[in-house]
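The values are calculated or read from the model by the stated rules, or taken from the named source; none is laboratory data. Here the structure is a predicted model, which is why all the values come from computation and not from measurement. Every residue, glycine among them, receives a Cβ derived from its backbone with ideal geometry; neighbour counts consider all protein chains shown. We work out accessible area using only protein heavy atoms, side chains counted, and drop any ligands, DNA or RNA first. Shrake-Rupley method; radii C 1.70, N 1.55, O 1.52, S 1.80 Å.
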Amino acid sequence: MKFAKIVFWCAGVGGIVALTPMYFLLNFLSVRIPPPFTHPVFYYGFIAVVQVWHAAFCWIATDPVRFRPMMLFAVMEKFVFVFVVIVLWLDRQAIAVFLLVAAADFLLGVLFLAAFLKTAGLRERVETVLS
């Protein structure tokens with residue numbers, strides 16, 4: 001359970017810290033990574049949804065055994081993003097730097113899956129001890 005707590009706390013807090021500055025970088029990124037954003041609602045919406053997921057990772061970290069089913073959704077959240085980035089990169093709609101971001105998410109997805117597998121059966125053991 002300690003492994004799962006560490007993984008989810010690090011992912012949650014780390015993601016919130018890393019993504020919060022992006023709320024202030026729309027114009028900067030529009031210049032640095034052409035073409036400029038024409039629909040900021042997608043940019044800000046993406047950041048907001050990802051921030052909510054990072055809050056959910058912190059929530060899972062508070063009691064990994066209890067919130068174990070949510071871990072599968074966390075794994076999917078990471079792997080779906082990786083898949084999308086790879087498809088867009090292969091279609092030349094994303095630059096290579098996004099592959100680095102996707103690699104980090106892939107690693108987190110693997111760690112989330114490992115946490116899910118390591119917490120298997122813990123609930124039953126805890127209930128047995130308590131009863």
* Accessible area of the chain divided out per residue, in Å², using a probe of 1.4 angstrom -> 65
* Asked: How many angstrom separate the Cα center of the stretch 10-60 from the Cα center of the stretch 71-106?
  -> 15
* What order do 31, 7, 101 take when sorted by accessible area (1.4 Å probe), most exposed first? -> 31, 101, 7
* Asked: How far is helix 97-118 tilted, in degrees, relative to the longest principal axis of the Cα atoms in the chain, given as a value from 0 to 90 rounded to the nearest 10?
  -> 10
* Quick one: helix 68-90 against the long Cα principal axis of the chain, what's the angle to the nearest 10°, folded into 0 to 90? -> 30
* Asked: So what are the ³J(HN,Hα) numbers for the stretch 17-31, from phi and the Karplus equation (6.51, -1.76, 1.60; θ = phi - 60°), rounded to whole Hz, Gly and Pro as x?
  -> 5, 6, 8, 4, x, 5, 4, 10, 10, 4, 5, 4, 5, 4, 7
* With charges only on Cβ, +1 for K and R and -1 for D and E, what is the dipole size of the chain about its Cα centre, in debye, rounded to 20? -> 240
* To do: Quick one: among 19, 90, 117, which has the greatest mean-square fluctuation in a GNM of the chain with alpha-carbon springs under 10 angstrom?
  => 90
* Structure fact -> In terms of the charge dipole of the chain, which places +1 on Lys and Arg and -1 on Asp and Glu at the beta carbon, the residue among 34, 84, 100 farthest towards the positive end is 100
* **With every protein chain in place, the stretch 10-131: carbon and sulfur % of accessible area (1.4 Å)** => 76
* To do: Could you rank 20, 38, 119 by how accessible they are, 1.4 Å probe, largest area first?
  => 38, 20, 119
